[in-house]
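S.K.: Can you read through this structure? Questions will come right after.
The values are calculated or read from the model by the stated rules, or taken from the named source; none is laboratory data. Nothing here was measured: the structure is a model prediction, and the numbers come from that model. Virtual Cβ from ideal backbone geometry, glycine too; neighbours counted across all protein chains shown.
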Amino acid sequence: MALLVAVANPLNTQNNTIPTIEGNALVSNIGPSGMVLDASISKPTSDQISVYVVRPGDTLSQIAEMFNVTVNTIKWGNDLSSNTLKEGQTLVILPISGVKHTVAKGDTLASIAKKYKGDIEEIMAYNDLQKNSSLVTGSVIIVPDGEVLAPSYSGSPIKSSGLKEYKGYYMRPIAGGRKTQGIHGYNGVDLAAPVGTPLFAAADGEVIIARFGGWNGGYGNYIVIRHPNGTQTLYAHNSKNNVSVGDNVSQGDVIGTVGSTGKSTGAHVHFEIRGAKNPF
């Protein structure tokens, strides 16, 4: 199986640091009163999902440094309960975007989740915490897909991310249904439809991930297809996957069915396009 290449210029992740956008954050970290908020936006340097096969002598910290992510990013995306790896084991590298929060006196998991519109289960899983864990003042908690609300201001609107647009390249991944959430997370939309509704490949490509069973970073059962134009599409929360890693698919092929697995509150497909604008 062809493997994706790690991002260039990896940073040291021995201390579970995560690349952050500080002074040039996409969301302002200055509150209405002019006080600096106790959080910053954490974003990796690439939005591409990678696949890595463990070699003899590999450690989680080495692999994390190779792909410029944290150890917890790898554990969280692969449902790993320990740092033990096996030769030949296949790891999915899901670059995680979220909020980096510095714990203050009186903070709880519930209050942090509420503040950033995060999910308690995800916060615990990502940060290796238990429900009864006591939070240490000054420690750092990552809230996957967390949000920091910026104060309102007058002036020009924030420009788009500059993602390339491929008009007519991608087809809608389901027939019918309705959009229940616009762009969120990694350039994804939620399209609601009954469980069992066929999922279509949005464009020609090769299946690089087909995960069934487990939390998988909140995606549940999901599929990732790599396309000739250098982009990837992701189809998550599936009830069934009809394809396997290495399969070549054509646009419109049925690759699975809509479900409600992973982090999901109802039957829908979470559809992402990584590397291009999402037209849906």
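S.K.: Under 8 Å between Cβ atoms, which residue pairs at least 6 apart in sequence (or on different chains) link something in the range 53-68 that is closer than 17 Å to Pro95 by Cα with a partner that is in a helix (DSSP H, G or I) and at pLDDT 95 or above?
M.R.: Going by the 8 Å Cβ cut-off, there are no qualifying pairs.
S.K.: Further question: If you take the residues in the range 248-272 that are of a type outside the set (Phe, Trp, Tyr) and within 14 Å of Tyr170 (Cβ to Cβ), which one is surrounded by the fewest Cβ atoms within 10 Å (Cβ to Cβ)? Break it down into steps so the answer makes sense when it comes.
M.R.: Just the residues of the range 248-272 that are of a type outside the set (Phe, Trp, Tyr), to begin with: 248-270, 272.
With within 14 Å of Tyr170 (Cβ to Cβ) added as a condition, the list becomes 249-253, 255, 269, 272.
Details: Val249: 20, Ser250: 10, Gln251: 14, Gly252: 13, Asp253: 16, Ile255: 24, Val269: 28, Glu272: 22.
Among residues in the range 248-272 that are of a type outside the set (Phe, Trp, Tyr) and within 14 Å of Tyr170 (Cβ to Cβ), the one surrounded by the fewest Cβ atoms within 10 Å (Cβ to Cβ) is Ser250.
S.K.: What's the number of the condition Pro194 fails, among (1) modelled with pLDDT of 90 or more; (2) surrounded by 18 or more Cβ atoms within 10 Å (Cβ to Cβ); (3) not assigned by TED's automatic domain parsing to the domain that holds Leu94?
M.R.: (2)
S.K.: Scanning the range 51-98 for residues that are β-branched (Val, Ile, Thr) and buried (at least 22 other Cβ atoms within 10 Å of the Cβ), which turns out modelled with the lowest pLDDT? Please lay out each step first, then the result.
M.R.: If we filter the range 51-98 for residues that are β-branched (Val, Ile, Thr), which is where we start, we get 51, 53-54, 59, 63, 69-71, 73-74, 84, 90, 92-93, 96.
Checking the rest, the ones that are also buried (at least 22 other Cβ atoms within 10 Å of the Cβ) come to 69-70, 73-74, 93, 96.
Values: Val69: 88, Thr70: 87, Thr73: 90, Ile74: 93, Ile93: 95, Ile96: 82.
The residue in question is Ile96.
S.K.: Next question. Just give me the residues in the range 88-136 being among the small types (Gly, Ala, Ser), closer than 18 Å to Lys263 by Cα and part of a helix (DSSP H, G or I), in sequence order. Full working, then the answer.
M.R.: To start, the set of residues in the range 88-136 that are among the small types (Gly, Ala, Ser) comprises 88, 97-98, 104, 106, 110-111, 113, 118, 125, 133-134.
Going one step further and asking which of them are closer than 18 Å to Lys263 by Cα, we end up with 97-98, 110, 113, 118, 125.
Correct list: Ala110, Ala113, Ala125.
S.K.: Consider Thr102 carefully, then state whether it is touching a residue at least 40 places away in the same chain (Cβ under 8 Å), among the polar types (S, T, N, Q), farther than 26 Å from Gly188 by Cβ and surrounded by fewer than 19 Cβ atoms within 10 Å (Cβ to Cβ). Write out each step before concluding.
M.R.: Details: touching a residue at least 40 places away in the same chain (Cβ under 8 Å): yes; among the polar types (S, T, N, Q): yes; farther than 26 Å from Gly188 by Cβ: yes; surrounded by fewer than 19 Cβ atoms within 10 Å (Cβ to Cβ): yes.
Judged against the criteria, Thr102 is a match.
S.K.: Quick one: which of Ser82, Ser111 is hydroxyl-bearing (Ser, Thr, Tyr) and under 29 Å from Gly213 (Cβ atoms)?
M.R.: Working: Ser111 fails: under 29 Å from Gly213 (Cβ atoms).
Exactly one residue qualifies, and that residue is Ser82.
S.K.: Ile183 is checked against (1) at pLDDT 95 or above; (2) in a strand (DSSP E or B); (3) not polar (S, T, N, Q) and fails just one. What number does that condition carry?
M.R.: Every listed condition holds for Ile183 apart from (1).
S.K.: Oh, and also: When only residues in the range 226-241 that are over 12 Å from Ala276 (Cα atoms) and assigned to a loop (DSSP other than H, G, I, E, B) count, which is nearest to the chain's Cα centre (by Cα)?
M.R.: At the first step, the residues of the range 226-241 found to be over 12 Å from Ala276 (Cα atoms) are 226, 228, 234-241.
Those left that are additionally assigned to a loop (DSSP other than H, G, I, E, B): 228, 237-239.
On the way: Pro228: 22, His237: 13, Asn238: 16, Ser239: 19 Å.
Among those residues, the one meeting the criterion is His237.
S.K.: List the pairs whose first member sits in the range 108-120 and is of a type in the set (Ser, Thr, Tyr), whose second member is crowded, with 17+ Cβ neighbours inside 10 Å, and whose Cβ atoms are under 6 Å apart, counting only residues at least 6 apart or on separate chains?
M.R.: Tyr116/Val99; Tyr116/Val143; Tyr116/Gly146
S.K.: Related question: Checking Ala202 against (1) part of a loop (DSSP other than H, G, I, E, B); (2) free of Cβ contacts under 8 Å to residues at least 40 places away in the same chain; (3) among the hydrophobic types (A, V, I, L, M, F, W, C); (4) crowded, with 21+ Cβ neighbours inside 10 Å, which single condition isn't satisfied?
M.R.: (2)
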